[in-house]
Amino acid sequence: MTRAQTVVLALLLMHYLLGILCLLVARGERRAPSLRYWGWSLLLYSTGLLITLQRVIPAPYSLTLGNTLIAWAPIFAAAGVMANTPGHVAMRWAYGGLGATIAVLIGFNFFADEWRTLANLTAPSVIAIVLFVYSAAWLLLRPPVQAKGAAHFMAAFMLIAVGVWLLRIAFVWNIARVTNDRDSVDLIISLFGIAQIVIAVACTMALFWIEVRKMEMTLTHVALTDSLTELPNRRAVLERFKETESQAVRHGSSFALLILDIDHFKQFNDRYGHATGDRVLKHVADCLSRARRAGDFLGRIGGEEFVMLLNGDRQTAINAADRLRTQVQEGALAITDDVLSVTVSGGLAMFPADGVDWDQLFAVADRRLYKAKQDGRNRVVA
């Protein structure tokens, strides 16, 4: 076995291991299409290498079949990369390029023996270069928001791969024209094979990096979001309160904490069932979301209670709170043959006039909410 064949064998094994790892991870609880496509591309590439290395099938057939698989692999690789961007691979053009590559491989392997080595190194690289440049451009221009650093890292190594392939073509072409030195060709293939191993590992790790960052963002979203209404939950509200409080202290400004509670919510559950109760909660959440001002923060802290952080002075906050209440009152909810009239009551407390931390403001707003309920509901007490 020559030096080049040894390196190619190592490349083959590395691609198999990385491909299997990608497919196993992609089949986990969180589906990862990018890893699935990338895994299949690695397996196609390594299978193609394996076929070109064997000596049982005559060379024209093995080289044509093996390099066809190698040329097919970047289509899957590009699909995996593009799964993390808004773009997509134009499969009609990609497979058209694959068909042209197969035609070139057949022509040189069966009818132009003297150019066989150059054709088998060059033909599969062309489609890979085009797809890798296209995918890298998408990663650079429209990377996933959660993993811009990882996307740029992968794009850099994809472009490095393109540079390596172009250099390999140039070196092999030069040697084929100047001399028939097989040892020189063997050395070049070995060096570029090592580079290919580094690139494969780097790109695969970059894809894992992207998936980890996306998973982190998903877990953060789940931890800070109410599953029913998709609004920020109590933990997210407390975090936002701390940020708003710090800004108000720095700028000497004020803001309001508003608690809104659905009137007679228990009656909805008792009369129509908990499924309808859930619809009422989502209906109120939608009404409040539509009516809130830009910059105001809305969250659900549990049960039928919603909390809002309103910018501005007391009168501005009162006007905003009353507009929110009116929006809910006017947004009737239809269920089967009945139309539900849903209203909310609210209690409002101002920072720093009514308190300087969450506990103080929440206690004041909660007392005023209770008074709004006593005074007849469907009102805000400030």
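Rule-based calculations on the coordinates, nothing more; no lab input. Note that the coordinates shown come from a computational prediction; the quantities given were computed from them, not determined experimentally. Glycine also receives a Cβ, built like all others from the backbone with ideal geometry; neighbour counts cover every protein chain displayed.
A few remarks follow.
- Per-residue 3J(HN,Hα) values for segment 129-134, derived from phi via the Karplus relation 6.51 cos²θ - 1.76 cosθ + 1.60 with θ = phi - 60°, read 4, 4, 5, 5, 5, 4 Hz in sequence order (x marks Gly and Pro).
- From the coordinates shown, Kirkwood radius over Cα pairs in Å corresponds to which of (i) 24.0; (ii) 25.4; (iii) 22.8: (ii)
- Inter-label distance, nm, simple model (7 Å from Cα along the C-beta direction), A334/S253: 4.1
- Amide hydrogen neighbours beyond the local backbone of T225, cut-off 5 Å, H modeled: N233
- Relative contact order of the chain, taken over Cα pairs closer than 8 Å and 6 or more residues apart, is 12 percent.
- Candidate lysines for bridging to K242, where Cα separation is under 29 Å - those fewer than 8 sequence places away on the same chain excluded: K148, K214, K282, K371, K373
- Fully extended contour minus Cα-Cα distance, from Y370 to S246, at 0.36 nm per residue: 41.8 nm
- Based on C-alpha pairs under 8 angstrom that are at least 6 apart in sequence, segment 161-271 has a relative contact order of 13 percent.
- Net charge, G66 excluded, C-beta distance under 13 Å - Lys, Arg +1, Asp, Glu -1: +2
- Residues whose amide H comes within less than 5 Å of that of V380, counting only those at least five positions distant or on another chain, are G346 (H built at 1.01 Å from N in the peptide plane).
- Distant-in-sequence amide H partners of E305 (H built 1.01 Å from N, under 5 Å): none
- Gain on full stretching of the segment that runs from N269 to T6 - 0.36 nm per residue minus C-alpha separation: 87.5 nm
- Relative to one another, the C-alpha centroids of segment 1-60 and segment 201-241 are positioned 32 Å apart.
- Taking label positions 7 Å along the Cα-Cβ direction at both Q315 and H221, the computed distance is 4.2 nm, reported to one decimal.
- Between E239 and A103, the contour length at 0.36 nm per residue exceeds the Cα-Cα span by 42.8 nm.
- Rounded to the nearest Hz, the phi-derived 3J(HN,Hα) couplings of segment 234-241 under the Karplus curve 6.51 cos²θ - 1.76 cosθ + 1.60 (θ = phi - 60°) are 4, 4, 5, 4, 5, 5, 5, 4, where x marks glycine and proline.
- Backbone HN-Hα couplings from phi across segment 259-272 [Karplus 6.51/-1.76/1.60, Hz, Gly and Pro as x]: 9, 10, 10, 6, 6, 6, 5, 4, 5, 4, 5, 5, 8, 10
- The aspartates and glutamates within cross-link reach of K266, meaning a Cα-to-Cα straight distance under 14 Å and a gap of 8 or more places when in the same chain, are D278, E304, E305.
- Taking Cα centre as origin and charging only the Cβ of basic (Lys, Arg, +1) and acidic (Asp, Glu, -1) residues, the dipole magnitude of the chain rounds to 380 debye.
- Selected from L333, Y16, A206, residue furthest toward positive end of dipole (the chain; charges at beta carbon): Y16
- Look at the alpha carbon pairs under 8 Å that are at least 6 residues apart: their mean separation over the length of segment 234-381 gives a relative contact order of 30 percent.
- Think of the chain as having a plus end and a minus end, set by charges on the Cβ of Lys, Arg, Asp and Glu; of F192, A32, V145, F192 sits farthest toward the positive end of this dipole.
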